[in-house]
Structures are given as structure tokens and as C-alpha cells.
1. Looking at the structure I just gave you, is B:GLY115 surrounded by fewer than 24 Cβ atoms within 10 Å (Cβ to Cβ) and either assigned to a loop (DSSP other than H, G, I, E, B) or free of Cβ contacts under 8 Å to residues at least 60 places away in the same chain (or both)?
2. Of the residues that make up the stretch A:462-481, is at least one in contact (Cβ under 8 Å) with a residue 12 or more places away in the chain, closer than 22 Å to B:TYR43 by Cβ and of a type in the set (D, E, K, R)?
3. From the residues in the stretch B:355-401 that are hydroxyl-bearing (Ser, Thr, Tyr) and closer than 19 Å to A:GLY446 by Cβ, which one is nearest to the chain's Cα centre (by Cα)?
4. Check A:ASP164 against each of (1) free of Cβ contacts under 8 Å to residues at least 12 places away in the same chain; (2) in contact with a Cys (Cβ under 8 Å, 6 or more places away or on another chain) and name the one condition it does not meet.
5. Taking the stretch B:41-56 as the region of interest, how many residues are modelled with pLDDT under 95 and more than 7 Å from chain A (Cβ to nearest Cβ)?
6. Of everything in the stretch B:121-143 that's part of a strand (DSSP E or B) and within 8 Å of chain A (Cβ to nearest Cβ), which residue is surrounded by the most Cβ atoms within 10 Å (Cβ to Cβ)?
7. Being buried (at least 21 other Cβ atoms within 10 Å of the Cβ), more than 14 Å from every other protein chain (Cβ to nearest Cβ) and modelled with pLDDT of 95 or more is the requirement here; does B:VAL318 meet it?
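The values are calculated or read from the model by the stated rules, or taken from the named source; none is laboratory data. This is a predicted model, so every value here is computed, not measured. For neighbour counting, all protein chains shown are included, and Cβ atoms are generated from backbone atoms with ideal geometry for every residue, glycine included.
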Protein chains: 2
Amino acid sequence: MANDKPARRPRAETPKGFRDYFGAEVIERKAMLDAIAGVYHRYGFDPLETSAVETVEALGKFLPDVDRPNEGVFAWQDEDADWLALRYDLTAPLARVAAQYRNDLPSPYRRYAMGPVWRNEKPGPGRFRQFYQCDADTVGSASVAADAEMCAMLADALEEVGIDKGDYIIKVNNRKVLNGVMEVAGLAGDDKEAERGIVLRAIDKIDRLGPEGVRALLGEGRKDESGDFTKGAGLSAEQINVLMKFVGWKDLLGAAVEVFQPAIQSGRAHNPEQLNRLVLSKLREIVVGSDVGNDGVDELEQISSLLSAQGYGPDRIVIDPGVVRGLGYYTGPVYEAELTFQITDEKGRPRNFGSVAGGGRYDGLVKRFTGQDVPATGVSIGVDRLLAALRAKGRVGAQAAGPVVVTVMDRDRMADYMRFVGMLRQADLDPSDPSKGKIRAEVYLGNPKNFGNQLKYADKRGSPIAIIQGGNEAAEGKVILKDLILGAKIAESATLEEWKDRPAQVLVDEADLVAAVRKMLGQ
Amino acid sequence: MANDKPARRPRAETPKGFRDYFGAEVIERKAMLDAIAGVYHRYGFDPLETSAVETVEALGKFLPDVDRPNEGVFAWQDEDADWLALRYDLTAPLARVAAQYRNDLPSPYRRYAMGPVWRNEKPGPGRFRQFYQCDADTVGSASVAADAEMCAMLADALEEVGIDKGDYIIKVNNRKVLNGVMEVAGLAGDDKEAERGIVLRAIDKIDRLGPEGVRALLGEGRKDESGDFTKGAGLSAEQINVLMKFVGWKDLLGAAVEVFQPAIQSGRAHNPEQLNRLVLSKLREIVVGSDVGNDGVDELEQISSLLSAQGYGPDRIVIDPGVVRGLGYYTGPVYEAELTFQITDEKGRPRNFGSVAGGGRYDGLVKRFTGQDVPATGVSIGVDRLLAALRAKGRVGAQAAGPVVVTVMDRDRMADYMRFVGMLRQADLDPSDPSKGKIRAEVYLGNPKNFGNQLKYADKRGSPIAIIQGGNEAAEGKVILKDLILGAKIAESATLEEWKDRPAQVLVDEADLVAAVRKMLGQ
């Protein structure tokens, strides 16, 4: 028609840096988060679901991760000229809630939150602008028992989702120990914040720069290979010696933990608590003369004994001064969960899986809003990393099974096919265990003309069984069950022997359909 | 400090029109959505989770609900000057996905999606700018079996979440019947679209305007009480008679369904299929001479017989030409789930709960992207309305029980209290049914100085039991269990008799803690 000029068609694409999640991906993540939520719930934590949108004012224009200050948020202006933004994490909304409802919430307030967050940053491989976070925090408790509880809960959560004892270790450190060292080195006080910042960043780089590089950064500064000069903290030789002694011990103790952990986890250590005691006594020596340092070691000692009382020994949770991640952000105990099993990286080399969760104690959660310091401690699980670990361990996928597909031989007999599918859907998969749910089944709803297309469809759906009833079978009140996974199993199996007596398809009475499906599904 | 002038503190508030969901609210909604997802999964539907953010180009700047064209989206400009927006429903992202992955997805593609959507509209009481949707759609099937399946699945989903048979009815109509009437009235053809629009809107207003008002709108036009004139469709008397006859029958048949439904649902009807047959034969008479109209009645007849074959009779799903909702949007069968029990409204008057879900068949899902018509049918459950219905029926809340609270009598014995809490958390609530989960428990983590505050905290947490161990009990290896719900139960019960033998607190050996907690919890 003359007046029907079509406009350019829109592109069917996700925005750059966003993606879609299909079928099994959604089910697997949900199963993992449900299992974690079950543990959090058991520990007395309550769910909190805030909206995706916050005022920029409440959110603050900052991100907790100081190493990447350029990360931004997705923001826009409201019709009232207020700026709104998508949350960039789950902690900022918690801070707002803790302030907004401070008179109504129980105190301490244990809450967990799971959901997407958004970052307006450059997308990259495996790096998306929307991703899941899974946090638990206790707000309003200054007790180290709250930190110990976080570590125990994290251990339980990892085991609940399928990471076995021995395949993970939770390492605990304390920011106050470092503060103690700073104090011994004469770096306490509000006026030394800049120097402390340089020291923190320098210590963080020991793996890359080595002791001499760190020493240079603590002193006058350091020229890198390209000739660029980084100004140092300008500390005295004495100050540098105190700090470097700590760095040396920290690394040595961290290494000791790495070395002895396998023996402890495998039960070959005679006295597993000894490692924690050794580490604590050494730390005590390093911070001698500093109140805050001693406090820090005391707290680590208490955490260790509170955890032992609950049965969480150093085979699962260990004091490790080598943990530096987040020390700049946290104010007290910090903890990190590492998976200790090896995976093969993209170049075929074995490597440790590494960190999947971390957290710690932080002040000032609600201070921005109320002016009051409220102590809080919390943990965040890296949802995508943990899910990747479970996939590497083969611990996911069972729930993502395809449906039984009832094929359509005769378009006019759709009512019969729908009757079959209704019978299946209303039947328990395993009558002795209704918690396994009912049989998943569907009727083919495409054009039934080409039967081959129906089997291709069933294959694409990962269907275990196709149900077939043509005119002959219908006349006799029979149905055919075709075992669609048999072929794949034969291919996997070294020998055909165990399959040769198993028929690829069976003919059964309509009345026996449900029983025959259960049998073929191995229930 | 002189240079430490604090800026104005940010307000701790959600943006206007947004809200937070706490504890039980989150758990109840999640339990409902999980139950629905279980049914969808059983029917062979796969989950799809698209991102919250879409390009405005892919989303289209329109909403399906034509009555409220001013509803907007939250949108902003990307750094590349592309416009991005938060999705306003789950259908637009499905359209984009169906086009983007058309070569990879199984066809037909059955998918479900659950999650928040965002509307940049004026908030009001109970009307938020972020809310949940819960959709299931079958893309790529032209078969009415797909529509019938949607209705059966909707019935199963309602029953699964706790709406009993007899408390709901799913009404099915077909847009093609109306199209047939339009054809009989000489309103077929592309050039009559404006007239058909006016007719649709007029018919929709019969409840408010009455037959004479609708007649006026079909003819020259209508002057309302304020004197404003609305131009009519300008139809002839003959055309108007055809349409009004249909409107009359539609309303009469709709009323008949309303009247006979209770008898059918309660099993008092001798021949429940008769109502559907009567309605169908009447519709056949009305559309006589119109192919599309006859098609429409054929489809309704097929849906009815496909559903009967699966056991979904008119006690649950009924043909009802009275359904007009969405007729302007849908192109074939439409369906709507109504709850038939009464609730008391805010003024204390009984009223029917009404609609909680609806859907239908629509063309052009992916046409914007690919130019091709792809048939699709889908259903959307009103998450907040259904949840409100479940609350009205007392069908939610069991899972939101508070934790056992272990109190702290002696700060130095925290390790013992954490040991107790660890014992409880590791114990099955009901050893004979591990699917009930483990005992929910927590230790009090606030300042333990004031014991009264600990009990107040337990009360705020909805805790069923407080565990207490002071120095005396510890010396004897005993613990006290205090029954915190007993008081509330006594208050509820008409007589004290049944409670008088039940002690409000018991003293037990530490080793019997778990057993005693189970007993007090009624397990």
C-alpha cells in the first residue's frame, strides 16, 4: 500500500554489556541461591528486597572498591529534577534501610539480600553491566561473635551448595593488626591518613614489586621500568623497617597456612589448632606496644575459639594474616573463602580456583545518614564465580532435565495427546518421594506434519522420552515410549553389554503410561 | 574541627513510588512464585531471565495497555548516545529474545519469566513504580492446544499456590467471535479500523453507559451529563442492531455463566458441560455467515473439548463471551482467572475478589523486528493481587517463623551459647522429614547487659523459644527453654484449661536441648 512505508526495523539486541539467561542457567543459579538462602534463614537472617532504583543522594556517588573509582552508575533525572540511579551493590541500599527504619528494625538486624546490581562500566569478556550479588550482613552488633557467625555461616553455605569440606578454606585476618603495626611505626592519627593510604597500597603490591619495590614506595618513591616515578610515603628507615618486618611475617605466616592447610584438612595434622596458636603468638609479638594491635589479635583469638566451640576448626576456618583483600575498606575482622581444588584454565594448565566470597567488619554504614557510627559485619558471595565452581565440580544440572514430549501423529486426536500429557503432569515422578515433584511433560505444539521435526524438537529440548501413538496403537489402546537418552548413554559407556538388553522403545497399555515413563526415567 | 564542615546529610528515603520488602513479605512472594514456577516447569516451560535494561529501540516506546498511553518508562542516554530504559513488562523483552535467537530457540518456544518491571507513572496508594510480573508464553504455535494448555496450567498454578477448586474460575472468550460480529455488521477490512476501535471502546463501556449510551456511541455520538459530546462511529441502524444484539447476548451469556457457575462448582449441576454447549451454539447463531466468527466459535469448542479430555471441566474453565478485557489487544482466544470467594473491602462490605490473571493470543510479537508474523499465546499472573488473595485466605506465612533465640547471660561464655546455636542449626526440625529443614536459631548479638532487652528482641523477631543458661544452670549442665508463643496462644484460646498443664518454661540437660526444642515447636 502506498501509505504503508515501513520504518527501519529495530535491532533485536541486548544493550552492550547485558545478556540473557536461558533455562538451565536460570534454574542452576536459582537452586544455588535458594540453598544459600536456606542457610542464611537457618542462622536467623531475614531477607530484604529493596527496589533497583535509589535516589543518587541516598546511594552516594561512590563505590566501595577504591581501586576502580571510575566505575559509575546508571542514573537519570526524575520529572521533579531528582536524580535516580540503579543500585551498584546491595550494601548502599542496606545503609539507607538501616537509617530509614532504625526505630523499627530489630537490633542487631541480620539481613540477607540477593539480586542484580548494575555498573555503568566498560563491559569486557565475562564482565557484564548487570550481575548478581548475594550478601548477608549483621547491623548493630559490635561483638566478634557476629564475625565468627559470618564465617561459620559461609562454611555452611558452601557445603550446602555442594563444596565439600576440604575443598574450601575460610581465611580470617583483622585490619586492626595492621593498624597496630601502623601505630608501632608511628603512623597513627588523623593527620597520617595519606601516608597510611600509600602504605596500604604499597603492601598490596608486594607480589608484583617484591620487597625492594615496596621499600622504595614506603620511602622516597619508585621509578618503574618505563621510567615513570611514583612518589613514596616518605617514611624514615626505622618506620620502613617496622612495616617491612610485618610484611615479611605476614607473608611467611600466610605461606605457612598454605603449606599446612592440606595436612590439616586431610586429618594428617596431629594438633590442628597449633597453627592458629602459632600465628596468633607471632602477631602478638609484631604489634607489641600497640593497644589497637593487641585488640586485633584478641579478636582473632576470640573468633578462633568461638568457631572451635561450634566445631569449625582450622580444617575449615583459619587465621591467616596473609589476607589483604579489602583491608583498606574494612575496619576489623576480614574474611575470605577460597576454593582449594584445582581446575584447568583456558590454556589447559591446572590452577587453584581461588576466592569465591569475602567480607568483614565496617563502620560508618549509616553514618552518612544519621551521623552515628553503627557497627556492622557482612559477607558477599561471588554468585557467578561460585556457580562456575559448582559447574567445574559437576554439582549442578540435575534439575534442568528436559520434558517428556508427547508427539502428535494425528492432528485430529490432539485431545488424546493432551490427556496423556495431563496424566503425566499430575503424576509424582517418584511415588515414594513426592518432594521430587511431578513428571515434566509437554505435547508438541508445532506443525505436526513432519514427524522428524518433532523428534528434532524433542532433542533440542533435551527430552528423555518421546511418547508416540499412531492410529494402530490407538486402536489397541497402546502407546510407544521411545528412550531418547539411551543413544547418548551407549556412546558414553565403554561397552554395549549393559545396554543391549535395554530396548530403545517399548509398547505399553495406555493405563501403564505413567509407570512405564517412571521406569524409563530410572525412578 | 574548623575545616570539617559537614555537608547536609542525605535523606534516607526510597525514591517516590518505590518501596522495600522485608522478611515475611519476601519469603511469601518467593514461595508463591516458586510454586508457580514448579507448575510452569512441569508443563515444559523454560525460565528466561532477561536484563532489566533494554535499548529503547528494542523496547519500543509503547505499552500494551492502550487505555493508558501516557505511561512511560525510565530511560537515559548511554555514553554512546544510545537510549536505554528499564523494561516496562516481560513481553517486550520476550519479543526481542524471540527475534534475536530465532534460529537457536526450540520452536514452539515455551518460556516463563518472573521479575520486577518498572513504570514511570504517577505513583498512588498501592500503585508502585516497580512491581513483579509473572508471565508464561508459547511462541511459534498457532494451535489452539497452546491456548488450552495455558488455561489448564493457570488452573494448576492457582491450585498449587493454595486457591482451591471452587474458589476460582477461568473464563475463555475469543476475539474472533467479535471480529465475526464486526464482519456481519459490515465492519471488516483495513479501511474500517477506526470504526472498529470506536465499537470496541463503546462495547467496553456498557456497564457504565447502558445500552442506550452504547447505541448512541455506535451512531452519531453521545452527549454526556456535563454536556461534552463524543463523536460516534456513524453506523447505520442495521449495523447498530447487529452489534447491539451481540452485546445483549454477550451480556446475557456472561450473566448465565455467573449464575450457573456456583451450581457447577459445587457439583449440583446435572450436566455441567451443557452450559458450554449452550453458549457455543448461541455464539454460532450470532456469527452466522462470517468465516472468522465461525473460526472463533470452532476454536472455543476445541479448547473446551481439549480441556475436558484432561479433566478440566466447566467447574474450573468455562467459555464466557462476557470477557472483554484485553479484546482490543489480543487476536484470538483470551482468558481470565477470577477468584470467586468474597473478601471484605476497606469499608467492611463483602465483594468478590475478582481477576488475578489474564492472557490470550496475540500476533506480531516479533514482527517489529523481523517482519514475520509469529503466533504466540501467553498468560500473566498479577503477583501482588494473587498474594493478597492468599493472605486473605490465610494461605501464607508458615515459612516466616522466627528463630529460636539463645540469650546471653554471661558475656564471657559466648562460646557456650554459640555451641548451643550450632547444635540447633545442625539439627533437622523433624528427624522423620528432613525436607522440613533444620532448626532456625540465633544467638543474641546485641549488648547483653539488660536481659529484658534480649526478650524484647526475641519478641520483635517472632521467636518461638528463648534459650537461657546462667551460671547456676551451667554448673549443672542444664539449660532453660522459655516458650514465647504460649502466652499468645493462651490469649487466643477460649479456655485456659488446655494450657494449664503446659509449662511456660522447662529445664533440661544440655544434651537434650535439641529434643526439647523440637518438642516445644510441636515437631
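1. no
2. Let us first name the residues in the stretch A:462-481 that are in contact (Cβ under 8 Å) with a residue 12 or more places away in the chain, namely A:462-471, A:473-474, A:477-481.
Checking which are closer than 22 Å to B:TYR43 by Cβ leaves us with A:462-469, A:479, A:481.
Checking the rest, the ones that are also of a type in the set (D, E, K, R) come to none.
Checked the stretch A:462-481: no residue is in contact (Cβ under 8 Å) with a residue 12 or more places away in the chain, closer than 22 Å to B:TYR43 by Cβ and of a type in the set (D, E, K, R).
3. Restricting attention to the stretch B:355-401, the residues satisfying the condition of being hydroxyl-bearing (Ser, Thr, Tyr) are B:355, B:362, B:370, B:377, B:380.
Restricting the remaining residues to those that are closer than 19 Å to A:GLY446 by Cβ gives B:362, B:370, B:377.
Details: B:TYR362: 20, B:THR370: 31, B:THR377: 18 Å.
So, considering only residues that are hydroxyl-bearing (Ser, Thr, Tyr) and closer than 19 Å to A:GLY446 by Cβ, the one nearest to the chain's Cα centre (by Cα) is B:THR377.
4. Among (1) free of Cβ contacts under 8 Å to residues at least 12 places away in the same chain; (2) in contact with a Cys (Cβ under 8 Å, 6 or more places away or on another chain), the lone unmet condition for A:ASP164 is (2).
5. 1
6. B:THR138
7. no
Residues checked against (1) in contact with a strand residue (DSSP E or B) (Cβ under 6 Å, 6 or more places away or on another chain); (2) hydroxyl-bearing (Ser, Thr, Tyr); (3) at pLDDT 95 or above:
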site	(1), (2), (3)
A:LEU33	yes, no, yes
A:ALA58	no, no, no
A:PRO69	no, no, no
A:TRP76	yes, no, no
A:LEU84	yes, no, no
A:GLN100	no, no, yes
A:ARG111	yes, no, yes
A:LYS122	no, no, no
